[in-house]
Each structure stands twice: as structure tokens, then as C-alpha cells.
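Heads up, the thing below is written out as C-alpha cells.
Read-outs throughout are calculated quantities, based only on the coordinates presented, and are distinct from any laboratory measurement. None of these values were measured; they are calculated from a predicted model. Because the Cβ atoms are built from the backbone with ideal geometry, glycine has one as well, and the counts that use them run over all protein chains shown.
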Amino acid sequence: METPTAMSAGVVLTFFGGALLLWCAFELRLRHHLRRHGVSVSARVVADGDPYGEPYGDPYGELDSAPLLSYSTLPSVGLAGAATGEATRSESVLARPRGITSLRRPVTLAPGAIVQVSYDARRPSRVVLATGEAISALPSDIFWALLGTSTLAGGLSLLSSFLAK
């Protein structure tokens with residue numbers, strides 16, 4: 001590679017690999033925190049639909065590997081009720097859990113299934129599946145971490161070859 005091309009490719013690959021590794025670390029920490037400190041509730045897997053409420057050819061919910069979950073938050077004393085000391089009301093939430101990147105949705109997450117989830121009390125749309133509910137996210141986490149590490153290593157090697165000249 002020519003020198004300017006190697007330098008620009010090295011910068012891009014280093015930036016992308018570093019950003020991907022930071023994203024992986026953030027996601028792992030967030031999911032771990034939600035599983036330990038989140039509010040546990042039961043959620044129902046619902047079939048996806050378009051914004052107008054019509055099913056769009058996916059009645060079995062197989063197109064998106066992350067299932068759409070419907071659950072109600074538990075009433076709690078939040079920031080809105082802190083001044084008056086009143087509990088906030090529960091609300092119904094539709095959200096997709098974090099950490100699902102497999103190509104096919106597991107059979108246990110078919111529409112209509114009931115699963116255990118943990119959500120963040122401050123941001124109820126931030127939700128993860130309970131530990132034993134679905135497929136392990138470990139293979140996809142390893143894939144993204146290896147991709148980030150190899151991209152970072154490739155970028156650093158291109159930058160070092162540029163700096164060595």
C-alpha cells in the first residue's frame with residue numbers, strides 16, 4: 001500500500017476497532033447491571049407489526065431475531081413522585097431486549113410465549129432477558145469482541161508500518 005493509503009486505512013480501522021470494543025464493553029456492563037439490579041417481571045412476546053397496526057407478513061415473529069416484548073412496569077416512587085411522596089403509576093411498555101444478535105429467533109421466543117425479563121426502573125424500555133430464558137449471548141459477544149480486536153490490530157499494524165518508514 002502507498003503511504004497515505006496505509007495511514008488513512010490504519011486510522012479508520014483503529015478508530016472502528018476501538019469504537020467496537022468500547023461498544024462491546026458498554027453492552028456487557030449494561031446487561032450485567034440490569035440482570036443484577038433491574039426490576040424482574042414477566043413479559044409476553046408479541047408479533048411484530050407495522051406502525052399502522054397491520055401485520056406485514058411476519059405473523060410468527062421470525063424476521064427479527066430480537067423479539068418484541070410487552071410488559072407492565074411496577075409502580076414505584078420515582079423522580080416525578082419524589083416531591084409529593086406519591087408512587088408513580090405502572091405503564092405498559094413495548095421494547096426489544098438488548099444482546100440478541102443471532103440469525104434466527106429461538107423457538108422459546110415465539111409470539112405468545114411468556115419470558116422473565118429485567119428492566120431499568122428509570123428507563124423502562126431498557127430491558128434484558130433473564131439469564132436462563134433464551135439463547136446465550138456469549139457467542140455473539142465473542143464474535144463482536146474478536147471483530148473489534150482484529151480490526152484494531154490491523155489498524156495498528158498499518159499505522160506502525162507507516163510510522164516505521
Report summary line: Between Leu68 and residues 5 or more places away or on another chain, the pairs with built amide H atoms under 5 Å apart involve Val46
Query raised in the report: Within a Cβ distance under 13 Å of Leu138, other residues only, what is the Lys/Arg minus Asp/Glu net charge?
Result: -1
Query raised in the report: Mind listing the phi-derived Karplus ³J(HN,Hα) values for the stretch 152-163, rounded to whole Hz, using 6.51, -1.76 and 1.60 with θ = phi - 60°, and x for any glycine or proline?
Result: 4, 5, x, x, 5, 5, 5, 5, 5, 5, 6, 6
**Report entry** Label-point separation, Phe16 to Val39 (7 Å along Cα→Cβ), nm
**Finding:** 4.1
Query raised in the report: Each residue of the stretch 22-38 in order: what ³J(HN,Hα) in whole Hz does its phi give by Karplus 6.51 cos²θ - 1.76 cosθ + 1.60, θ = phi - 60°, with x for Gly and Pro?
Result: 5, 5, 4, 5, 5, 5, 4, 5, 5, 5, 4, 5, 5, 5, 7, 10, x
